[in-house]
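What follows is a short report on a single structure.
Coordinate-derived values only; no laboratory data. Bear in mind the structure is a predicted one, so any value in this text is a computation, not a measurement. Ideal geometry is used to build each Cβ from the backbone, glycine not excepted, and the neighbour counts take in all protein chains shown.
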Amino acid sequence: MPRLRQKLTSTIERSVMALSRCTGLDRVIRPLYGGSGAILLLHRVVPRERQSRLAANRRLEITPEYLEQVIVQLRRAGYQAISMDRLASGFERRDWPRPFICFSIDDGYADTLEYALPVFEAYQTPFIVYIATGYIDGTILPWHLVLEALVVASNPPLPTAHARRAEAIIDRSENRAALFHDLNRKILSLSPRAQYAFADTLAQESDRSLTAFRHLMLDWQGVKALARHPLVTIGAHTVNHPPLSQLATAGQVQQEMLGGKRRLEEKLGQTIEHFAYPFGTRHTIGERERRIARQCGFSTMTTTREGTIHPRHHTHRDSLPRIEIAGGNEASLKQLMLQLCGVRAMLYNRFVPVVTG
């Protein structure tokens, strides 16, 4: 039943998006659902030849050229790019430029400095980078990329030794992509230390070392270079990037949030005002997580739930929605502009204009 509901929702979404493009329905929806502006979300900015082979990972990647197209299109549409600090102060004074846009990049990938920053510099566009400090300290790695390299890009996909240790997972997986998804689900269910041990076992049995993947993430020198840049704001994204709702105690959630914030403040010598929930879905954030984030003193807290920003979010700054930048062609750019009108959020959130919680 959940799969059937998801398929039906997807079909309705495609139909409404197509109808909006053909009829101008977006102009009717915008006043109700478009809000004052939006926070855009991206993860990786990499050249096409360096993009992931797996669709699940490639979904989190755009090219520098596409980022440039997005910025240019938004300017033509009248959007003004503002920083998260400006967004936060706008809640107090209710004086945002309309429409506005905020760019945000999650996690702390090395390509943020190498490929994203030059594009933002070229157009003098501010953006925020949410850093999970475990990535920078090397205590965790982007497991989805590690697994892709070990499972999908390897030949054979897994050695016999691992097949014996993870026989149940192997038996359920019909191909490399399915194996990747099963192993990724497994690794996300583990503690940070157990994640590293699990991945290290895979790497050793594939004659690889986890240190070979360290270059995918920024080091502290790179984070400091970003923090010094006038266009860049640094935000917190926990220490270990866990699904916070799965942590057993409130103390563990607080340790993740405050631990990441304090580590950044210690290394950068600046106050960290903004926070992004790892994963950021309604399944990984509840009232406990929002309450603790407020107690940590953040001025804004962002999710991955789709929606635009409205003045009423003044009282819901613990759960600000974002719109993900995905794809890389003319069709995806047109879809993004429809999303900024609130078309998809209207469907996803059952016609509620202000997305919270």
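Rank Asn184, Asn329, Asn57 by mean-square fluctuation in a GNM of the chain with C-alpha springs under 10 angstrom and give only the top-ranked residue.
Result: Asn329 has the largest fluctuation of those listed.
Out of all DSSP beta bridges with both ends in the chain, state the antiparallel percent to the nearest 5.
Once the DSSP bridges in the chain are tallied, antiparallel ones form about 5 percent.
Can you work out the FRET efficiency for the pair Lys186 and Leu32, with r the C-beta to C-beta distance and R0 = 41 Å, to the nearest 0.05?
0.45
Return the inverse of the average 1/r over all pairs of distinct C-alpha atoms in the chain, which is the Kirkwood hydrodynamic radius, in Å to one decimal.
Details: mean 1/r = 0.0471 Å⁻¹.
Result for the chain, one decimal place: 21.2 Å.
Before anything else, pin down the relative contact order of the chain: Cα pairs under 8 Å, at least 6 apart, normalised by residue count, whole percent. Can you show the working numbers first?
Values: 585 pairs, mean separation 81.6, N = 357.
Value for the chain: 23 percent.
Please build a GNM for the chain, connecting alpha carbons under 10 Å apart, and tell me which residue among Pro230, Pro99, Pro243 fluctuates the most.
Most flexible of the set in this elastic network: Pro230.
Helix-derived [θ] at 222 nm for the chain: sum -39500 (n - 2.57) over DSSP H runs of at least 4, divide by residue count, nearest 500?
Per the formula, -13500 deg cm²/dmol.
Across the stretch 275-286, in residue order, what do the Karplus-derived ³J(HN,Hα) couplings come to in whole Hz, using 6.51 cos²θ - 1.76 cosθ + 1.60 with θ = phi - 60° and x for Gly and Pro?
Those phi angles translate into 9, 10, 6, x, 6, x, 8, 5, 7, 10, 10, x Hz.
Please list log₁₀ I(q)/I(0) at q = 0.13 Å⁻¹ for the stretch 267-357, using the Debye equation with identical point scatterers on the alpha-carbon positions.
For the stretch 267-357 at q = 0.13 Å⁻¹, log10 I(q)/I(0) is -0.49.
Sum up the charges of everything whose Cβ sits under 12 Å from the Cβ of Arg322, counting Lys and Arg as +1 and Asp and Glu as -1, but leave Arg322 out.
-2
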